[in-house]
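One structure is given below, encoded as structure tokens.
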Amino acid sequence: MKIFLDTANLGEIRRAAAAGLIDGVTTNPSLLAKVAGDRDPMEIFLEICEAIDGPVSAEVVAVDTETMVDEGTRLAAVHPNIAVKVPLTEDGLVACRELSSRDIPVNVTLCFSAPQALLAAKAGAAYISPFIGRLDDISHDGMELIRQIRVIYDNYGMRTEILAASLRHPRHVVESLEMGADVATLPPGVLHKLIRHPLTDLGLAAFLADWEKLGRDL
Ligand code: G3P
């Protein structure tokens, strides 16, 4: 099981990487737009790759196969750890087939159904990104999608890794991993919530208060 950080914020990435909490990073055009300013996106992807020793998903912004393949090839050239993200469209699946045939790892994103995930695996995807939170947002069952994909991939020995995305809270993380997702990608806020527990805070305060009464140093 791997934990990726879902952000392009270098400070958050460096902090989580230094703590040994993450195994990779995922980004998307919205997350990049939040941090890029007037900087070259390729430079930002390189900085992220240098901050974490693991897969870094960088998404194409074209919608046609030919340009997706061109963008994906240039993204992959930034660093060996880049995984190229393409949207789950017909053009995206054809681009996935072409890029993966060149040994470029592809993360097929914006997945909302089991049939989509099945076709992404057949197109050679290294990762499939089902968006759990966005399904829950419209009163569908995002976790059921993870279960369906796991069953289908296992039934037919498909090696595409399930990268649970659009996770809104710790329960999404725990349940997606219980369902057998290979990776959970978390916004920094969700990662911070995974660490905190009120009983930990209360217990630590009690330990320190009792130690204070003793009046000693270690
Ligand atoms: O990696 C996909 C993720 O960033 C989408 O999350 O919260 O925008 O649905 P969200």
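A short reminder: the numbers here are calculations on the coordinates, not readings from a lab. Just so you know, these numbers come straight off a predicted model, no measurement behind them. Heads up, the Cβs are rebuilt from the backbone with ideal geometry, glycines too, and the neighbour counts pull from every protein chain shown.
Here are some notes:
- The combined condition, being under 20 Å from residue 1 (Cβ atoms), touching a helix residue (DSSP H, G or I) at 6+ places or on another chain (Cβ under 9 Å) and within 16 Å of the ligand (Cβ to nearest atom), is fulfilled by residue 117.
- Filter result for the condition that a residue is part of a loop (DSSP other than H, G, I, E, B), touching a residue at least 12 places away in the same chain (Cβ under 8 Å) and crowded, with 17+ Cβ neighbours inside 10 Å, over 44, 13, 3, 22: 22
- Criterion (under 16 Å from residue 83 (Cβ atoms) and aliphatic (A, V, I, L, M)) met by exactly one of 146, 162: 162
- If you go through the range 152-177 and keep only what is away from the ligand (no atom under 11 Å from the Cβ) and charged (D, E, K, R), you end up with 154, 159, 161, 171, 175.
- Screening 195, 149, 128 for residues that are among the β-branched types (Val, Ile, Thr) and more than 16 Å from the ligand (Cβ to nearest atom) leaves exactly one candidate, 195.
- Of the residues 83, 62, the single one that is aliphatic (A, V, I, L, M) and within 15 Å of the ligand (Cβ to nearest atom) is 83.
- Hits in the range 69-93 - residues which are more than 13 Å from residue 105 (Cβ to Cβ), among the β-branched types (Val, Ile, Thr) and buried (at least 22 other Cβ atoms within 10 Å of the Cβ): 69
- Residues of the range 151-177 that turn out to be part of a helix (DSSP H, G or I) and surrounded by 16 or more Cβ atoms within 10 Å (Cβ to Cβ), as a count: 7
- Test: residue 198 is surrounded by fewer than 12 Cβ atoms within 10 Å (Cβ to Cβ) and over 17 Å from residue 26 (Cα atoms): yes
- Selection of the range 113-134 for residues being of a type outside the set (Ser, Thr, Tyr) and farther than 16 Å from residue 185 by Cα yields 114, 115, 116, 117, 118, 119, 120, 121, 122, 123, 124, 125.
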